[in-house]
Every structure is written in C-alpha cells, then in structure tokens.
1. Could you tell me whether any residue of the stretch A:55-66 is more than 8 Å from chain B (Cβ to nearest Cβ), crowded, with 21+ Cβ neighbours inside 10 Å and over 30 Å from residue B:321 (Cα atoms)?
2. Could you please let me know if residue A:71 is closer than 24 Å to residue A:35 by Cα and touching an Asp or Glu at 6+ places or on another chain (Cβ under 7 Å)?
3. Just to check your reading of the model, which residue among A:149, A:187 is more than 30 Å from residue A:45 (Cβ to Cβ), out of contact with any Gly (no Cβ under 9 Å at 6 or more places or on another chain) and hydroxyl-bearing (Ser, Thr, Tyr)?
4. Name every residue in the stretch B:160-195 that is more than 22 Å from residue B:56 (Cα to Cα) and among the aliphatic types (A, V, I, L, M), in order of residue number.
5. Output the residue which, of all residues in the stretch A:143-168 that are in contact with a Ser or Thr (Cβ under 6 Å, 6 or more places away or on another chain) and at pLDDT 95 or above, is surrounded by the fewest Cβ atoms within 10 Å (Cβ to Cβ).
6. Starting from residues that are of a type outside the set (D, E, K, R) and touching a Cys at 6+ places or on another chain (Cβ under 8 Å), keep the ones in the stretch B:66-91 and report whichever is nearest to residue B:158 (Cα to Cα).
7. Do we find that residue A:126 is touching a strand residue (DSSP E or B) at 6+ places or on another chain (Cβ under 8 Å), part of a loop (DSSP other than H, G, I, E, B), within 19 Å of residue A:222 (Cβ to Cβ) and in contact (Cβ under 8 Å) with a residue 40 or more places away in the chain in this structure?
8. Examine the stretch A:39-54 for a residue that is modelled with pLDDT under 50 and buried (at least 17 other Cβ atoms within 10 Å of the Cβ), and state whether such a residue exists.
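The values are calculated or read from the model by the stated rules, or taken from the named source; none is laboratory data. What you see is a predicted model; the values in this text were computed from it and never measured. Please note: Cβ atoms are built from the backbone with ideal geometry, for glycine as well, and neighbour counts cover all protein chains shown.
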Amino acid sequence: MTARLACVILALGVACAGAARGQDAGPADSAVWKKVHASMFGNAILEAADGVVTLDTPKRAEDAAIVPLAIRAQFPQTKERHIETIWLVIDNNPSPIAAVFRFTPESGRADIETRVRIEEYTYVRAVARTNDGKLYMAANYVKASGGCSAPAGKDAVAAKANLGRIRLSVHDGVEAGRPAIAQLMISHPNDSGLAMDQVTRSYATPHFVRRVEVRYAGKPVMNADVDFSISENPNFRFYFVPAGGGELDAKVVDNQDLEFTARVKLDSPRLGAVSTPH
Amino acid sequence: MDGRLARVAVSLTPPSRRWCALVLGVGAAIAFLQSAAGMAPEMPELALENPAPGIYVHYGQQAEMTRANFGDVANLGFVVGARCVAVIDTGGTFAVGRALRRAIQRIATVPVCYVINTHVHPDHVFGNAAFTDDHPQFIGHVRLADAMRRRGPNYLNALGRDLGDIAQQSAIVLPTRSIATTEELDLGGRILSLRAWPTAHTDTDLTVFDDASRTLWLGDLLFVGHVPVLDGNLRGFLAAIAELKTVRANLAIPGHGRALAWPEAIAPEERYLTGILAEVRAAIKGKRTLAETLATVDGGGERWLLFDDFHRRNVTAAYAELEWDE
C-alpha cells in the first residue's frame, strides 16, 4: 500500500497544486478527486458517511501550516463491525493523499485527530472502509488562508535542531476495557522538499514522516502511511483499549529511514502514563 | 478574502489558467515565472508622512490584501541621507513598489542604494521587483533568503489567486546582503543600525534604527490597532519585545498602524501576546485539544482590527509551539 500511495503521489504530484484552484464544484466533481478515486477505489461507490464517520475541519485554514482536523467514528470498534481504513484526502494539496490510517477492533474507536497543511481552497475528504468492505465518504470544503500564511514551517532551523523528539502519552483516568485517548507527537520538519532554491535551481531534499505504527500489548491499534500534507511536528490523537497493564508503543519511520520509537507503560491498576523516548 | 472574490479574480485572469496547465509540467518552480505574465496596473499616488527630517512613512491600509487596495496593506517608508536612500519594505505588489519608488523620486535627489525587508511576509516584500533598476543592495535577515524560497511559491500563488492581474510583475527578489546580528548602513551623514532577531513574529525579523532622529522601524514586531500576528515563536516574540523596550527611541514605526511614542506603543501588543501565552498554556495543562482551545481563548477582549482574520491563527501557532513544554 505504501508503494501504491507513493505511486499516486508521483502520478498526481505537484501537478495538482493549482489544478482546481478556486473551484467550488460539488465534492464529486474535482478533477483531482476523480483521479484519486479511480486510482485508490476503482469503480467502487462511496456512500455518504452519515452514521459511520464525521469529519471536523475549520471552514478556513487560518494557519496554512497547521489546520486541525478530526475524523470521528460514529460507532465503537467491535470484532463484528469496525472501521478498517480511513483515507484522508486533500484535493488541492501537492500530494492529495495526506494519510491512510488503519484501525483494528483493539482500537476501541476509529477516531483520529491530526493537523495538516492546506495550500489552497480545497475539499478535504475522509473515506472510511468498514470490515464488510463498504466505503463511505465525508467531505468538507476548506478555504485557504490569507496571503501571509504559508504551509512551510515557522522556524526551519529549530525544526531541524529538534528533529526526532518523540512523545507518546495516554490521558489520565484510564480504565481497563474502556477506550482511552493516546497522543503521539513527533518533532520533525515533515518537509515536502518542494521549495526550490532560486540560485541553484535545485529542490530541497524531502524529509517527512511516512509511517506510524502504534501497538498496545503487541497488537496494532493505529497504523498510518502519511506524508508532507501532515503538518510539521506530526501530531496524532487516537484511541486504544487498555486491559490493565501492558505497554503502548509507537514506531515512526521517515522517508530517510530514520526510526523513532516511544513507549508508555500502563501500570495496573492505576494505569498511569510515563513516556519514554528512545 | 473569501472564496467568491477569489473565483472572480481567477475568472478575470485567463493567464492564471494557462499557468495552471504549466504547473502540470514543471511544478511549483513555475510560480516564479508568473510575474512575466503582463504589466502591473497603475495605482494612485502613495500618501506619505514625514514625522522627522529625512524619515518618510506610507501607512498601508489596515486590511487583508485585495484587488481594491492593490495589496497596499503594510507600512512602507524610506530614509534619505546625503549620499543615498534606504527603502524599508516595498509593499504587497509590484504596483505598490512602483508607486513607492515614484514617491521617492519626487522627494529625494539621491539614488536608492538599499532596499531593506523587515521580514518575509508578502505584503512587505512583493514590491522589491520595482526597485531592481536602481541596483540597490537588497538587505534582509540572514534567514530571509531561505524563507523566501520556502514560502515564495505559495505567496505568489495566493497573490495571483486573490489579486489576479493586480499582482502582475510581483516577484520574489532575494536579499543580496544578509544580516546575522547587527550591522550599520551609512546613507551619508546618517547611520541606520540594523538588527536581526531570533524567531519572533517570523524567523526573519529585522529592525532598523535611525540614530539621527531616534526612529525605530519595527516591521511586524509592532502592530498598532491591527491584531498582532504570530507566525514564528510566541516566547521569542515576547523576548524580543522585552529587549526592544530598552531601545531609547522617540518614535516607533509599526508594520501596521500609526507610528507612536516608544515604548508605550507596544504595550497593547505585549498584553495580547502575554494573555495568549497564559491562556494557551492553561488549556494545554487542562488537556484541551487544539480545536477545544481555539473555541475558548479570547485574547483578552481588547478591540483589535482584523481580529477575526488572525486571532484563531495566533492561538493555533501558540498551541503547536507550547504543547511540547508540557
């Protein structure tokens, strides 16, 4: 799937940056979306996401570099019925497929909160696949920011200096058997490399997180293939179901194969959270 | 700028559609060629004020950049010495820069030798291209060139989107001289002291102090009336303010809003930013999410211009910065 994701990025690539600029057509009509739909989902029909997932986005990307969004499942994850995959698509970003999140029954809830870059007036979409293979889509239109906000980071030097700090935490008040909120933060420039040096006419080296794997007691609870549509210092909030003790661990890999790991030991019965970066 | 207006702008400018097609081929780099599309329209003469001998200020509108205001939304100015002129910021479009250049030619008999950019934001730099015929040194913070490379394509794209043909000839002009700490410029009998700041409003903030008149140009380290904007580092911003307050200046010229006595001019901005720091820290401590925090941090209730355009953005940036502290 990573290869496929990469392929779509290559195929659509920077081509999409301005392709549907300023358009306000219906969600189904974006030219970029038609390509993404065909490449990711073939002829499959995407049903309205009512009762499956909601997508919360601001109406306007106030800060183009940090746009908070939340995808929330409308039912708990069970063996019988659960959301397996959520694709996050930002039509008019240089790389439209921002993330592919995967969940399991052990996730408890297939919710994800993160922050993305929004380059242009665009539709943002969450496509969810349930374990019966059906696909559902929620889509919101998001206005681009005003002229003085840019998707680039705020402090390129600091971003490099802090590269690799990672923090995994679990909210207090965790109870065994009930979905608990965890948060993963990675200090990383998550740089697209699309900025061109006007003197050398060469591009910067892309450097971005491409893979996130979170497990509880050795079982996956949230995996994601992501790219530079995710904001600098990638940040994810998600659920898992603690069962008294055990360990939550995260592994993050970037496109230069740098690996960052963190773990939280859940002490039974208090289930306190201690973050241990490595 | 709302979507409706932006669409109008796009429909008015067929070249931008052609430009889209070009993007398909060669990517973001082409943004730099957009300026070649046509000639910038004429705009009315710029109004100037002369608060001290040799010091000229043009007050930009307190607004976001639109077709109606030609992108003339930031304060610009120049300092005239016996030998030459230093320009301080050039406006949001080539059209504004050209109007500024004409205003200088009406007043000064000496050439423009320096064009100083106080930071990377488009409303301060896109008029640079109007001065290239003067062959000045383009002067900026040591990190300005890199920031222009990173942000330039997006800024040009947004400018074309929002202003259409008004944006023509607007281009990124990189600095030819970088300031890492402090440097002095001699205009002939008049010394300007430049100072580069650690990341504050942006990571490219540069202040200019005219010794003769004790005038301090702060760029967007000072907002007056216009809500302060955070696009760098909140704690760095507050640290810079604390340091700047010790400068013994008579007059402070902000990036937006009227020039005022120093350091009183910066008190409302400092209160606003200090308030955000406290409120966002409390929200993070209370485990509130970014979205929840955005709904609650009110910025102290002072009346600011353009508050709805920038306040939530400031809270967003502050949150992303401060959550690593917890």
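1. No, that holds for no residue.
2. yes
3. A:149
4. B:163, B:166, B:167, B:171, B:172, B:173, B:174, B:179, B:180 - these are the residues of the stretch B:160-195 that are more than 22 Å from residue B:56 (Cα to Cα) and among the aliphatic types (A, V, I, L, M).
5. Filtering the stretch A:143-168 for residues that are in contact with a Ser or Thr (Cβ under 6 Å, 6 or more places away or on another chain) and at pLDDT 95 or above, the one surrounded by the fewest Cβ atoms within 10 Å (Cβ to Cβ) comes out as A:167.
6. In this case the residue turns out to be B:86.
7. No, not satisfied.
8. Among the residues of the stretch A:39-54, not one is modelled with pLDDT under 50 and buried (at least 17 other Cβ atoms within 10 Å of the Cβ), which makes the answer no.
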